[in-house]
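*Asks:* Could you have a look at this structure, given as structure tokens, before my questions?
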Amino acid sequence: ETYKEDYRPQYHFTPEKNWMNDPNGLVYYDGEYHLFYQHNPKGNEWGYMHWGHAISTDLVHWENYPIALYPDNNSEDKVECTAYSGSAIVDEKNLLGKQQGDTKTLVAFYTSQHCGQRIAYSTDKGRNWEKYENNPIIAVDEKDDARDPKVIWHEPSQKWVMALYRKSTDSDNSKGVSFYTSDNLVNWEWKSHIHGFYECPDLVKFKVENRPDETVWVLFDGDGSYLLGNFDGEAFTPISGKMKSDWGKNYYATQTWSNIPASDGRTIQIAWMRGGEYPDMPFNGQMTFPSELSVRHFPSGYKLIRKPIREIETIQKKILEIEDKNVIPGINDNKVKKASGDCLRIVGEFDLKTSDNFGFMVRNSVKKPGTEILYNVKRGTLSVMGITIPLLPVDNKIQLDILLDRASIEVFANDGQTVISNCFTPDLKSNGLVLFTNGGELGIDKLDIYEIKSVWD
Ligand code: FRU
């Protein structure tokens, strides 16, 4: 049965069938979150890129819609003029002049591979899409390999700004992001270029969480890394080096939703979990669970914080609650034995006490040990699936928020300071959950385990 398959994620977005990569055109309008995505309707591998489309009213349950964007030359070519990644905005002021009645036009900016940056628009809340008649809006320049336009509104300068991946500018030859500005969404003027960036840029302004008078801009790169800085509407001036927003193996081509109402005020991001394996599945690819981003100030400087969006609470059901208990070494003291399952959220705060290391085994069985999430107290590191990263306790405590789905594990540590997003292929017969400590006693200050309901029911 579709959406019930063994390796089908139950609360992470997947296409009904065939290939998916980057999230595209994330925009909120009139109660609906749009998610477009790089899609090959012809098969389970990359190629023939179209924009697939799904709509949600809560960022959790998605309804599939027909393909929104098709390649531009009606050919059967795998690459030429196919619809590569991009973004979308709401044309509040009807700059494009396409508005029908009171419904604002949605405008998508996308790369037509080797055929320039282009516009498509919808006058019926994203249901039907037309290509703009004077495409491309930025002509192709064969040597620059430009792609992935992300368009945002820059309030202080009252201009639209486009961040575009490009190999070169007139003055230098480096891979990076070029910034363009526009008054009308159609004519774009090149302003500046910053080196050292790859694909799928995104540009977001944040109020600092714990210093409300300060703002900082974040320039995201396709590989999940980011740079902190200032943006004056034309150029980005870094105040940090490149930092990682995710340490996992499968976090790529991030994008944030545009036009989230001010009354909500959140910055919500989603990424393609590049590289997963889904044996014998009708689809290939999944998105991360949407996360809320913020910037927090630490003694060492600003840092991006990322947590699962609170809407997850609407699909979770508590199955185990532990408070103020100690765990001792040995398999006989598995306090979470009753909480087995393939779709879980595990939220806990642990007092390191005398433990040398502690962790969870998910999708575990006696015959086949599951996947381990390990905190090494002595080394001060967190490890998941071969990835080991530094993580320091706060007041001798480690906080973990783990999202387990049928083909992914996302670990948010210490209140969103460190995230590891990984795909995995579990043993289908193993559903056990183990909490262990080695070397000494571990304290559970608080531990809540939830079963996550399928969003496809
Ligand atoms: C990133 C990317 C983008 C491009 C798209 C093509 O994964 O390579 O740069 O627009 O995928 O599918």
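The values are calculated or read from the model by the stated rules, or taken from the named source; none is laboratory data. All values reported here derive from a predicted model rather than from experimental measurement. Neighbour counts are summed over all protein chains in view; Cβ atoms, including those assigned to glycine, are modelled from backbone coordinates with ideal geometry.
*Asks:* Could you list all residues from the range 232-251 that are touching a residue at least 24 places away in the same chain (Cβ under 8 Å), under 16 Å from Phe197 (Cβ atoms) and among the small types (Gly, Ala, Ser)?
*Replies:* Those that are touching a residue at least 24 places away in the same chain (Cβ under 8 Å), under 16 Å from Phe197 (Cβ atoms) and among the small types (Gly, Ala, Ser): Ala235, Ser240, Ser245.
*Asks:* Something else now. Could you please find all residues in the range 396-433 being within 16 Å of the chain's Cα centre (by Cα), of a type outside the set (A, V, I, L, M) and crowded, with 20+ Cβ neighbours inside 10 Å?
*Replies:* Correct list: Asp405, Ser408, Glu410, Phe412, Gly416, Thr418, Ser421, Asn422, Cys423.
*Asks:* Give the residue that is farthest from the ligand (Cβ to nearest atom), with candidates limited to residues of the range 87-105 that are surrounded by 16 or more Cβ atoms within 10 Å (Cβ to Cβ) and among the hydroxyl-bearing types (Ser, Thr, Tyr).
*Replies:* That would be Thr105.
*Asks:* Oh, and also: Could you check, for the range 172-195, whether at least one of its residues is among the charged types (D, E, K, R), in contact (Cβ under 8 Å) with a residue 24 or more places away in the chain and in contact with a Phe, Trp or Tyr (Cβ under 7 Å, 6 or more places away or on another chain)?
*Replies:* So far as the range 172-195 goes, yes, one or more of its residues are among the charged types (D, E, K, R), in contact (Cβ under 8 Å) with a residue 24 or more places away in the chain and in contact with a Phe, Trp or Tyr (Cβ under 7 Å, 6 or more places away or on another chain).
*Asks:* Can you tell me which of (1) farther than 29 Å from Tyr251 by Cα; (2) part of a loop (DSSP other than H, G, I, E, B) is the one Lys191 doesn't meet?
*Replies:* (2)
*Asks:* Just to verify a result, which residue in the range 274-304, among those that are among the hydroxyl-bearing types (Ser, Thr, Tyr) and closer than 19 Å to Ile452 by Cβ, is nearest to the ligand (Cβ to nearest atom)?
*Replies:* Filtering first and then ranking leaves Thr288.
*Asks:* Of everything in the range 261-273, what is within 16 Å of the ligand (Cβ to nearest atom) and either assigned to a loop (DSSP other than H, G, I, E, B) or in contact with a Lys or Arg (Cβ under 6 Å, 6 or more places away or on another chain) (or both)? Give them in sequence order.
*Replies:* Met273
*Asks:* Going by what's in this entry, would Lys307 be described as among the basic types (Lys, Arg), free of Cβ contacts under 8 Å to residues at least 24 places away in the same chain and away from the ligand (no atom under 16 Å from the Cβ)?
*Replies:* For Lys307, the condition - among the basic types (Lys, Arg), free of Cβ contacts under 8 Å to residues at least 24 places away in the same chain and away from the ligand (no atom under 16 Å from the Cβ) - is not met.
*Asks:* Please state which one of Lys78, Lys17 is basic (Lys, Arg) and within 16 Å of the ligand (Cβ to nearest atom).
*Replies:* Unique residue meeting the criteria: Lys78.
*Asks:* Considering each of Ala163, Ala139, Ala108, Ala120 in turn, give the residue that is within 16 Å of the ligand (Cβ to nearest atom), farther than 17 Å from Ala68 by Cβ and aliphatic (A, V, I, L, M).
*Replies:* Within the list Ala163, Ala139, Ala108, Ala120, the selection yields Ala163.
*Asks:* Let me ask another. Among the residues in the range 418-427, are any out of contact with any strand residue (DSSP E or B) (no Cβ under 9 Å at 6 or more places or on another chain) and at pLDDT 95 or above?
*Replies:* Yes, some residue in the range 418-427 is out of contact with any strand residue (DSSP E or B) (no Cβ under 9 Å at 6 or more places or on another chain) and at pLDDT 95 or above.
*Asks:* Next question. Criterion first (assigned by TED's automatic domain parsing to the domain that holds Tyr28, more than 16 Å from the ligand (Cβ to nearest atom) and surrounded by 13 or more Cβ atoms within 10 Å (Cβ to Cβ)) does Val151 satisfy it?
*Replies:* Judged against the criteria, Val151 is not a match.
*Asks:* Here's a follow-up. Look through Tyr37, Tyr84 and report the one residue that is within 21 Å of Arg274 (Cα to Cα), in contact (Cβ under 8 Å) with a residue 60 or more places away in the chain, touching a His at 6+ places or on another chain (Cβ under 9 Å) and within 16 Å of the ligand (Cβ to nearest atom).
*Replies:* Details: Tyr84 fails: touching a His at 6+ places or on another chain (Cβ under 9 Å).
Answer to the selection: Tyr37.
*Asks:* Among the candidates Val27, Val79, Val90, single out the residue that is farther than 15 Å from Ala120 by Cβ and either in contact with a Ser or Thr (Cβ under 6 Å, 6 or more places away or on another chain) or modelled with pLDDT of 95 or more (or both).
*Replies:* Val79 is the lone residue from the list that is farther than 15 Å from Ala120 by Cβ and either in contact with a Ser or Thr (Cβ under 6 Å, 6 or more places away or on another chain) or modelled with pLDDT of 95 or more (or both).
*Asks:* Of the conditions (1) within 20 Å of Tyr110 (Cα to Cα); (2) surrounded by fewer than 20 Cβ atoms within 10 Å (Cβ to Cβ); (3) out of contact with any Asp or Glu (no Cβ under 6 Å at 6 or more places or on another chain); (4) at pLDDT 95 or above, Lys191 clears all except one; give me its number.
*Replies:* (3)
*Asks:* Condition test on Ala68, is it under 26 Å from the mean Cα position of the chain (by Cα), within 16 Å of the ligand (Cβ to nearest atom) and either within 21 Å of Tyr29 (Cα to Cα) or among the hydroxyl-bearing types (Ser, Thr, Tyr) (or both)?
*Replies:* When the stated conditions are applied, Ala68 passes them.
*Asks:* If you check Lys325 against the conditions, is it outside the structural domain of Arg211 (by TED's automatic domain parsing), farther than 20 Å from Gly52 by Cβ and either surrounded by fewer than 16 Cβ atoms within 10 Å (Cβ to Cβ) or of a type outside the set (Ser, Thr, Tyr) (or both)?
*Replies:* Against the criterion (outside the structural domain of Arg211 (by TED's automatic domain parsing), farther than 20 Å from Gly52 by Cβ and either surrounded by fewer than 16 Cβ atoms within 10 Å (Cβ to Cβ) or of a type outside the set (Ser, Thr, Tyr) (or both)), Lys325 qualifies.
*Asks:* Now, a different point. Answer with yes or no whether Lys249 is assigned by TED's automatic domain parsing to the domain that holds Gly265, at pLDDT 95 or above, surrounded by fewer than 21 Cβ atoms within 10 Å (Cβ to Cβ) and not in a loop (DSSP other than H, G, I, E, B).
*Replies:* Details: assigned by TED's automatic domain parsing to the domain that holds Gly265: yes; at pLDDT 95 or above: yes; surrounded by fewer than 21 Cβ atoms within 10 Å (Cβ to Cβ): yes; not in a loop (DSSP other than H, G, I, E, B): no.
Judged against the criteria, Lys249 is not a match.
*Asks:* For the range 170-190: of the residues being touching a Gly at 6+ places or on another chain (Cβ under 8 Å) and away from the ligand (no atom under 16 Å from the Cβ), which is farthest from Gly233 (Cα to Cα)? Lay out the reasoning, then the answer.
*Replies:* As a first pass, look at the range 170-190 and keep what is touching a Gly at 6+ places or on another chain (Cβ under 8 Å): 174-176, 181.
In the following step, the residues that additionally are away from the ligand (no atom under 16 Å from the Cβ) were identified as 174, 181.
Values: Ser174: 21, Thr181: 8 Å.
Of everything passing the filter in the range 170-190, Ser174 is farthest from Gly233 (Cα to Cα).
*Asks:* Something else now. Might you check whether a residue that is surrounded by 17 or more Cβ atoms within 10 Å (Cβ to Cβ) and farther than 20 Å from Gly330 by Cα occurs anywhere in the range 434-447?
*Replies:* no
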